[in-house]
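Undergrad: Got a structure here, written out as structure tokens. Questions coming.
The values are calculated or read from the model by the stated rules, or taken from the named source; none is laboratory data. Predicted, not measured: the structure shown is a model, and the values here were computed from it. Quick reminder, even Gly has a Cβ in these numbers, built from the backbone with ideal geometry, and neighbours come from all protein chains shown. Areas reflect the complete protein model, heavy atoms only, side chains present, ligands, DNA and RNA absent. Shrake-Rupley method; radii C 1.70, N 1.55, O 1.52, S 1.80 Å.
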Amino acid sequence: MSTSASPYEQDLDRNPGNYAPLTPLSFVERAAYVYPDAPSVVHGKRRDTWKQTYDNCRRLGSALARRGIGQGDTVAAILPNIPAMVEAHFGVPMCGAVLNTLNTRLDAEAIAFMLNHGGAKLLITDREFSPVIEAALAKLGRPLEVIDVDDPEYDGSGRRLGKKTYDELLAEGDPDYAWQGPADEWQAISLNYTSGTTGNPKGVVYHHRGAYLNGVGNILVWGMPQHSVYLWTLPMFHCNGWCFPWTMAANAGTSVCLRKVEVEKIFDLMRRHRVTHYCGAPIVHQTLINAPAELRQGIDWKVNAMVAGAAPPAAVIEGMEKMGFSITHVYGLTETYGPATVCAKQPEWQSLPLADQVQKNGRQGVRYIVEEGLAVMDPETMQTVPADGETMGEIMFRGNITMKGYLKNPKATQEAFRGGWFHSGDLAVMQPDGYVKIKDRSKDIIISGGENISSLEIEDVLYRHPAVMAAAVVAMPDPKWGETPCAFVELKPGAETNEKELVEFCRGRMAKFKAPRAVVFGDLPKTSTGKIQKFALREKAKSASAIDS
């Protein structure tokens, strides 16, 4: 038998003319080349073109390189959604370094841990966060160069912590900096920390290949036209803004910056800049749905909204459709570069009643175009569950938009990729049409008297009550049943209801044993991305149970 290689492999080798490592840095270079005068970033009175953005990115990369920062080094940034954050997504990796975007709501201890664990050599920070950053630097135990951003749109307090401002840093750099892409597309481009609700957070590492692919994948699954106008309601620090800083460069579109999610400001910016796309957690969309109708006046074009979360309530999807916004449901994790599945809409769904459309669109759906594998499996046997809509398993991913792994944590990395798939920790069923539907996080399933109760199912019912703005359900310890559902509810402004009414409301729409046994009213603790912090509510439920007993 011949052992010679295939003729398609002989003398047909990679060379600089037929192969280049994938990197999203090529997006900003192309946007500046093809559309130099097209708008790239809008922030208050500031209007940047793609040429200006590219120049600033190269200045940043050049200034960092002159400081000896390069491949394998980390540059941290704690910034709101402002032009400097857009530029950091390109300028930092242009010198070979890794961008670590930090959650703006973290405390000093968490920030200090991340700066040390990631080995940050330089920190870019907005003046708004100077009190917590100053405290974090005191805990750091080592010197760290700090670059301050003075944003003219910020009118609050806060002082400079470094010797240079961001503008002064850019002035040191060369707008013609001859940056080089990565020699290997597997090279790290960014570092994102998980929430760390139990123990220290884990550092999720992204590579250039994945960032490139998901940057393009967002355009493909959303059907984004060239030169879209994107409003930054989603924090850019969260999964690198679901890769949308890179997406908007590939799209040669316009990023409309927003320092803080405020309803009136959002609708004003939508009107002023004719926004076509925005993203957010369910609570962001719920806030817009419940805004006074007069705030939405004048928006007479289609606005495309992308919603992500373990399972956005059906009421949110229905409310957005009634408002005239086109909503696309995606799902993912920090470990999958943000969204990695999409509830791809089928043409025949349009003829269904709205309630049925909502049910179809409320699923996590199918894999992203640029993700290779999505399955629901038994995590012990690693066998796929039947597509019966009933048998629960764990959502698994594999492919190019799954993280490299956890920084300096080989044990957690090995466990996450056990069996050759990434284990999400989310429990779901596979429905007969091949669409995934999440039932709960594995830690959020309530086991009451031996019966599994989905907290998400109860929440979905609660959101349908006209007085409810937000709801979260967790397990409350119970001496008889082991656990029972406890609902935490935030009411709409001016709305009134009571525990008995909400419990009966649930009982009338689901199996009675699934209805909450207790309802607690008040503001719900949320992350900076709008996710409700269930770990905090679990502690409250435990405390309430202990008091009752």
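Undergrad: May I ask you to list the GluC sites (Glu not before Pro) in the range 229-327 that are in a DSSP loop and have at most 16 other Cβ atoms within 10 Å of their Cβ? It would help to have the intermediate numbers written out before the result.
TA: Working: sites: GLU262, GLU264, GLU294, GLU318, GLU321; in loops: GLU262.
Sparse-neighbourhood loop GluC sites (Glu not before Pro): GLU262.
Undergrad: How long are the semi-axes of the ellipsoid equivalent to the range 250-408, from square roots of 5 times the Cα gyration tensor eigenvalues, in whole Å, largest first? Mind dumping the intermediate values first?
TA: Working: eigenvalues 196, 84, 36 Å².
Over the Cα atoms of the range 250-408, the ellipsoid semi-axes are 31, 20, 13 Å.
Undergrad: Further question on the same structure: Compare ASP48, ASP356, ASP478 by solvent-accessible area with a 1.4 Å probe and give them largest first, with all protein chains kept in place.
TA: Details: ASP48 15, ASP356 70, ASP478 40 Å².
Largest accessible area first, the residues go ASP356, ASP478, ASP48.
Undergrad: Right, another one. Classify the range 194-320 as rounded, prolate or oblate from the Cα gyration tensor: take a ≥ b ≥ c as the square roots of its eigenvalues, call it rounded if a/c is under 1.5, otherwise prolate when a/b beats b/c and oblate if not. Kindly include the intermediate steps, with their values, before the conclusion.
TA: Values: a/c = 1.93, a/b = 1.28, b/c = 1.50.
Judged from the Cα gyration tensor, the range 194-320 comes out oblate (a/c at least 1.5, b/c at or above a/b).
Undergrad: Using Cα-Cα distances under 8 Å and only pairs 6 or more residues apart, what relative contact order does the range 146-252 have, in percent? All intermediate terms of the calculation are to be shown ahead of the outcome.
TA: Values: 97 pairs, mean separation 20.5, N = 107.
Relative contact order of the range 146-252: 19 percent.
Undergrad: Give me the distance between the Cα centres of the range 146-219 and the range 18-61, rounded to whole Å.
TA: What the calculation gives is 15 Å, centre to centre.
Undergrad: Could you look at the chain and say what percent of its accessible area is carbon and sulfur, using a 1.4 Å probe and all protein chains?
TA: Numbers: 11770 of 23700 Å².
Its accessible area is 50 percent carbon and sulfur atoms.
Undergrad: If the chain between GLN71 and LEU12 were fully stretched, how many nm would it gain, using 0.36 nm times the residue separation less the Cα-Cα distance? Spell out each step's value before the answer.
TA: Values: separation 59, 0.36 × 59 = 21.24 nm, distance 3.04 nm.
Extra length available between GLN71 and LEU12 comes to 18.2 nm.
Undergrad: Under a plain spin-label model, where a point goes 7 Å from the Cα along Cα-to-Cβ, how far apart in nm are LYS480 and SER326?
TA: The modelled label-to-label distance comes out at 5.2 nm.
Undergrad: Determine which residues of the range 257-271 fall in the zone a paramagnetic label at ALA38 would reach in this model, i.e. backbone nitrogen under 18 Å from the point 7 Å along Cα→Cβ.
TA: 257
Undergrad: Follow-up. Residues with amide H under 5 Å of SER448's amide H, sequence separation 5 or more or different chain, H placed in the peptide plane at 1.01 Å from N; which?
TA: Placed amide hydrogens put ILE453 under 5 Å from SER448.
Undergrad: Using a probe radius of 1.4 Å on heavy atoms only, what accessible surface per residue do you get for the range 29-139? Whole Å² is fine. Let's see the in-between values first.
TA: Working: 3910 Å² over 111 residues.
Dividing the accessible area of the range 29-139 by its residue count gives 35 Å².
Undergrad: So what's the net charge close to TYR435: Lys and Arg +1, Asp and Glu -1, counting the other residues with Cβ under 9 Å from its Cβ?
TA: Details: positive: LYS360, ARG363, LYS437; negative: ASP433.
Residues near TYR435 contribute +2 overall.
Undergrad: Could you work out [θ]222 nm for the chain from helices alone, using -39500 (n - 2.57) per DSSP H run of at least four and dividing by all its residues? Round to the nearest 500 deg cm²/dmol. Numbers along the way, then the final one.
TA: Values: 17 runs with 170 residues, N = 549.
So the calculated ellipticity at 222 nm is -9000 deg cm²/dmol.
Undergrad: Right, here's the next one. For MET382 and TRP301, what does the FRET efficiency come to when R0 = 45 Å and r is the distance between their Cβ atoms, rounded to the nearest 0.05? Don't skip to the answer; put the middle values down first.
TA: Values: r = 47 Å, r/R0 = 1.05.
For R0 = 45 Å, the calculated efficiency reads 0.45.
Undergrad: If you don't mind, another one. Given an 8 Å cut-off on Cα distances and at least 6 residues of separation, report the relative contact order of the chain as a percent. Write down the numbers at each step before the final one.
TA: Numbers: 1139 pairs, mean separation 58.2, N = 549.
Relative contact order, the chain: 11 percent.
Undergrad: On average, how much accessible surface per residue is there in the range 347-403, in Å², for a 1.4 Å probe, leaving out ligands, DNA and RNA?
TA: Working: 2730 Å² over 57 residues.
Ligands and nucleic acids excluded, the figure is 48 Å² per residue.
Undergrad: Taking the Cβ-Cβ separation of ALA291 and GLN359 as r and a Förster radius of 25 Å, what is the calculated FRET efficiency to the nearest 0.05?
TA: According to the calculation, E is roughly 0.50.
Undergrad: Rounded to whole Å and ordered largest first, report the semi-axes of the equivalent ellipsoid of the chain derived from its Cα gyration tensor (root of 5λ).
TA: 38, 28, 25
Undergrad: Using the Kirkwood radius over C-alpha pairs as Rh, can you work out the diffusion coefficient of the range 342-388 via Stokes-Einstein at 20 °C, viscosity 1.002 mPa s, in µm² per second? Before the final figure, lay out each step's value.
TA: Numbers: Rh = 12.7 Å.
For these conditions, the coefficient is 168 µm²/s.
Undergrad: Suppose every K and R has +1 on its Cβ and every D and E has -1 on its Cβ; what is the size of the dipole of the range 52-115 about the Cα centre, in Debye to the nearest 20?
TA: Numbers: 5 positive and 5 negative charges, 47 e Å.
Dipole magnitude for the range 52-115 comes out near 220 debye.
Undergrad: Within 12 Å, Cβ to Cβ, of ILE299, how many net charges do the neighbouring residues add up to if Lys/Arg are +1 and Asp/Glu are -1? List each step's numbers first, then the result.
TA: Working: positive: ARG271, ARG272, ARG274, ARG296, LYS302; negative: ASP268, GLU294, ASP300.
Cβ neighbours under 12 Å give a net charge of +2.
Undergrad: DSSP loop trypsin sites (Lys or Arg not before Pro) in the range 298-381 with at most 11 other Cβ atoms within 10 Å of their Cβ, which ones? Show your work: numbers first, answer last.
TA: Numbers: sites: LYS302, LYS322, LYS345, LYS360, ARG363, ARG367; in loops: LYS302, LYS345, ARG363.
Those that pass, being in a loop and sparsely packed, are LYS302.
Undergrad: Then there's this: So between GLU539 and HIS273, what do we pick up on full extension, going 0.36 nm a residue minus the alpha carbon distance?
TA: Values: separation 266, 0.36 × 266 = 95.76 nm, distance 4.35 nm.
Working it through step by step, the gained length comes to 91.4 nm.
Undergrad: Grab the beta carbon distance between LEU352 and ARG464, set R0 = 25 Å, and tell me the FRET efficiency rounded to 0.05.
TA: Numbers: r = 18 Å, r/R0 = 0.74.
After rounding, the FRET efficiency stands at 0.85.
Undergrad: Counting DSSP beta bridges with both partners in the chain, what percentage is antiparallel, nearest 5?
TA: Working: 47 of 85 bridges.
Once the DSSP bridges in the chain are tallied, antiparallel ones form about 55 percent.
Undergrad: Run the paramagnetic zone check for ARG46: 7 angstrom along Cα to Cβ, then residues of the range 90-107 with backbone nitrogen under 16 Å.
TA: 90-92
Undergrad: Rounded, prolate or oblate: pick one for the range 14-90, where a ≥ b ≥ c are the square roots of the eigenvalues of its C-alpha gyration tensor, a/c under 1.5 means rounded, and failing that, prolate if a/b is larger than b/c, else oblate. Mind showing how you got there, number by number?
TA: Details: a/c = 2.24, a/b = 1.19, b/c = 1.88.
Oblate, since a/c reaches 1.5 and b/c is not below a/b.
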